[in-house]
Amino acid sequence: MELDHLAVAGTTLEEAAVAVEEALGIAMLPGGQHDVFMTHNKLLGLADGLYLEAIAADPTRQAPSRPRWFDLDNFSGRARPTNWICATDDLDALLGALPVEVGEPVSLTRGDLRWRKAVPADGKLPFDNLFPSLIEWNCDVHPASALPESGCALKRMIVTHPEAMAMRDILAPHLSDARVIFESGTPALRAEIETPHGLRVLA
């Protein structure tokens, strides 16, 4: 597993994008629409092959035939970081090795992008949606490599949950990233990002 990107959800895509732009002082770029889950996004490239994704239900599309990923059907309140996504070269093997239910693989496309994503049937990830969502890219070009440099770099991502240490122990055999910090407390996700304007916090 490797940290791939962070998702900031909103009741609308505009709200999610504005939350990122106001926090970091950097404009997000157009993304696209997602079939199957009927969502849409905007993107911001980060250093080290990472990126930020603002995401929301797409009101121009019909309702999906299954619950939306990231539990977006139940999202409410202010736009905020809600999910972190980790990439793997072998999604099936990783799902078989994890002791928690992270979902079943769903094949997806957007333009030239091809990927498989583990999505729970009800859209809800373990640990109040704070367990990482798993992705396997099946295309030659990663989305981050197609984004212009923004001058932003993730310094720390803090995953807070009452059972954060249990989550850390489950992930320890598969994920080694000093930027990912687990803390006990009220469920939340916080990203500390170095920007051209100095260190900013997205929470």
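None of the figures in this text is laboratory data; all of them are computed from the coordinates on show. Model, not experiment: these values are computed from the prediction. Cβ: placed from backbone, ideal geometry, glycine included. Neighbour counts: every protein chain shown.
Search the structure for amide H atoms under 5 Å from the amide H of ASN138, placed 1.01 Å from N in the peptide plane, and list their residues when 5 or more places away or on another chain.
ARG114, TRP115, ARG116
Any idea what the dipole of the range 1-111 comes to, in debye rounded to 20, about its Cα centre with Lys/Arg Cβ at +1 and Asp/Glu Cβ at -1? Present the calculation step by step, with values, prior to reporting the outcome.
Values: 7 positive and 17 negative charges, 85 e Å.
So the dipole magnitude of the range 1-111 works out to roughly 400 debye.
Work out the length of the dipole vector of the range 120-175 about its Cα centre, built from +1 on the beta-carbon of each Lys and Arg and -1 on the beta-carbon of each Asp and Glu, and round it to the nearest 20 debye.
Numbers: 4 positive and 7 negative charges, 47 e Å.
Around 220 debye, computed over the range 120-175.
Place a +1 charge on the Cβ of each Lys and Arg in the chain and a -1 charge on the Cβ of each Asp and Glu, then give the dipole magnitude about the Cα centre in debye, rounded to the nearest 20. Don't jump to the answer; show the numbers that get you there.
Numbers: 17 positive and 29 negative charges, 80 e Å.
With Lys and Arg at +1 and Asp and Glu at -1, about 380 debye.
How would VAL102, VAL119, VAL201 line up from fewest to most surrounding beta-carbon atoms within 10 angstrom?
Final ranking by Cβ density, sparse to dense: VAL201, VAL102, VAL119.
Report the residue, chosen from PRO81, PRO148, PRO187, that carries the largest GNM mean-square fluctuation when the chain is represented by alpha-carbon nodes joined by springs under 10 Å.
PRO148
Considering only PHE37, LEU199, LEU3, whose Cα is most displaced toward the positive end of the charge dipole of the chain, charges sitting on Cβ of Lys, Arg (+1) and Asp, Glu (-1)?
It is LEU199.
Got a sec? Charge dipole of the range 103-156, +1 on Cβ for Lys and Arg, -1 for Asp and Glu; which of CYS139, SER150, GLY111 is way out at the positive end?
SER150
In whole Hz and in residue order, list the ³J(HN,Hα) couplings for the range 77-94 that follow from phi through the Karplus curve 6.51 cos²θ - 1.76 cosθ + 1.60, θ = phi - 60°; x for Gly and Pro.
x, 6, 5, 6, x, 10, 9, 10, 10, 10, 9, 9, 7, 9, 4, 5, 5, 5
By the scheme Lys and Arg +1, Asp and Glu -1, what is the net charge of all other residues having a beta-carbon under 11 Å from that of GLY49?
My count for the surroundings of GLY49 gives -3.
Please arrange CYS152, CYS86, CYS139 by how many other C-beta atoms lie within 10 Å of their C-beta, fewest to most. All intermediate terms of the calculation are to be shown ahead of the outcome.
On the way: CYS152 23, CYS86 20, CYS139 13.
So the ranking, lowest neighbour count to highest, is CYS139, CYS86, CYS152.
Tell me what the chain gives for mean residue ellipticity at 222 nm when only DSSP H runs of n ≥ 4 count, each as -39,500 (n - 2.57), the sum divided by the residue total, rounded to 500 deg cm²/dmol. Write out the running numbers ahead of the final one.
Details: 3 runs with 27 residues, N = 203.
The helix-only estimate for the chain comes to -4000 deg cm²/dmol at 222 nm.
With each label point set 7 Å from Cα along the Cα-Cβ vector, what nm distance links SER176 and LEU113?
In this crude spin-label approximation the distance works out to 2.9 nm.
Just rank THR195, THR186, fewest to most, by other beta-carbon atoms within 10 angstrom.
THR186, THR195
Which one of ILE85, HIS161, LEU95 is farthest out on the positive end of the charge dipole of the chain, using unit charges on Cβ (Lys, Arg +1; Asp, Glu -1) and the Cα centre as origin?
Looking along the dipole axis, the top candidate is HIS161.
Mind telling me which of LEU50, LEU134, LEU147 comes out most flexible in a GNM of the chain, alpha-carbon contacts under 10 Å?
Residue with maximal mean-square fluctuation among LEU50, LEU134, LEU147: LEU147.
Computed from the coordinates I sent, semi-axes √(5λ) of the Cα gyration tensor in Å equals one of (i) 22, 21, 17; (ii) 28, 20, 15; (iii) 65, 23, 19. Tell me the label.
The calculated read-out lines up with (i).
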